[in-house]
Structures are given as structure tokens and as C-alpha cells.
Amino acid sequence: FTDTSTTAEYEVIATAINNELARIQGIYAKAQEKMQKGGAEAMYKDAAKLFESISDYKDSEELAKNCYEYAECARKDALLKYAKSAMERSNYDSALTFLKQIPGWREADQLTEDCHKGIQEKKEKEEKRRQEIERRVGEVTRKAPKIVNILLAAGIGSAVISVIIAILSIVLYIINYM
């Protein structure tokens, strides 16, 4: 009872369905490949978008959700890596910028504490350095009149003493702003 025109229509429809199925299977395979390569946030997001484009096919909808979760983990891991790198260079403020974006992630909270300790230690070290410079400046300032008297007693002229005082002033300036 089928005529040739109906058979031809069925063949066209079957070919279109097969072509669409092949296209969808190709997208699915490409998305799986990207998901398995993974590693970077962008790769997982690309895979998720591909799965979303064929969300009615197999488990694509679930895999898209998984890829977004993997992407978020990759993003957080990258921020943690950047924070650790900044900490290795004692750049604690920069590290805190990264860590504030991922509270509770892996060892981020402990690293945040370590950064605050590092900042405090740097401040204490800088304060000790400042105090040492002040001590040295005070020492030189106290000794300057004695040195001038010794030079005068040795018969060195006031012009030479003026040059020495100028040099000492420059040295004090340098020490004070190091």
C-alpha cells in the first residue's frame, strides 16, 4: 500500500534524523573529551555549554551540571595557587586578595591566618629596623662634637671639618631613608 513518494519522504526523514543524531553524538563526544581533559575552568565551562546544547541527549544535562562544579573547583584551585605563589614572595596583601575569594576552600583559611602573621612579622621587622636606624643616627649625632674637637685639636682646618660634617649629614640622611 505504500507508494514511492511516501517511501521517499520516509527516507528523507530517516536521513535527517540520522544526520541530526550524528551531529548530537559528535557534540556529546567533543564535550566528553573536553570534560576529561579538564584542568582549567574554561575547559570545563566549554564542555558544560556543549552538554547544555544537547541537554535532552543521554545524561548531558547531568554532565553539564558536573562540568560547572568542576569549573568552580578549578577556579578556586587556581586562586589558591596564586595565593601560595604570592606568599612565597612574601606578598601577603596580594595573597589575601586571592584568599578572600575562597574562604573555606581547602587550606585557604589556614593560609589566611599565615598571611596575617606574615604581615605582622613584616611590621615588627620594619619597626626593629627603624629603631636600629634611630639608634645609629643618635650614636653618630652624639659622637659628632667629639669628632670635631679631635679634628680641631689635630690641627685640621675648619674647611675640612665642614666637608666631613657634610659627608656625615649625607650618611645620616641615607641611613634614615634606607
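The values are calculated or read from the model by the stated rules, or taken from the named source; none is laboratory data. Everything quoted here is computed from the prediction, not taken from an experiment. Cβ coordinates were reconstructed from backbone atoms using ideal geometry, including for glycine residues, and neighbour counts include every protein chain displayed. Protein only, heavy atoms only, side chains kept; ligands, DNA and RNA dropped before computing areas. Shrake-Rupley method; radii C 1.70, N 1.55, O 1.52, S 1.80 Å.
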For segment 4-24 versus segment 135-155, the gap between their alpha-carbon centres in whole angstrom: 104
P(r), alpha carbons of segment 41-96 - 10 Å bins starting at zero, rounded %: 27, 31, 20, 15, 6, 0
Semi-axis lengths, Å, the chain, gyration tensor of Cα atoms, sqrt of 5 times eigenvalues: 80, 18, 8
Rough spin-label spacing in nm, given labels placed 7 Å along Cα→Cβ, for residue 170 and residue 126: 2.9
Approximate shape of segment 106-158 as ellipsoid semi-axes (Cα gyration tensor, √5λ), whole Å, largest first: 49, 7, 5
Efficiency of FRET between residue 52 and residue 11 - r from beta-carbon atoms, R0 45 angstrom, step 0.05: 0.90
Carbon/sulfur fraction of accessible area - the chain, other protein chains in place, 1.4 Å, %: 57
Probe 1.4 Å, protein heavy atoms only - accessible area per residue of segment 1-150 in square angstrom: 71
P(r), alpha carbons of segment 1-46 - 10 Å bins starting at zero, rounded %: 25, 27, 19, 15, 11, 3
As computed over segment 1-88, the Cα convex hull volume per residue (Å³): 71
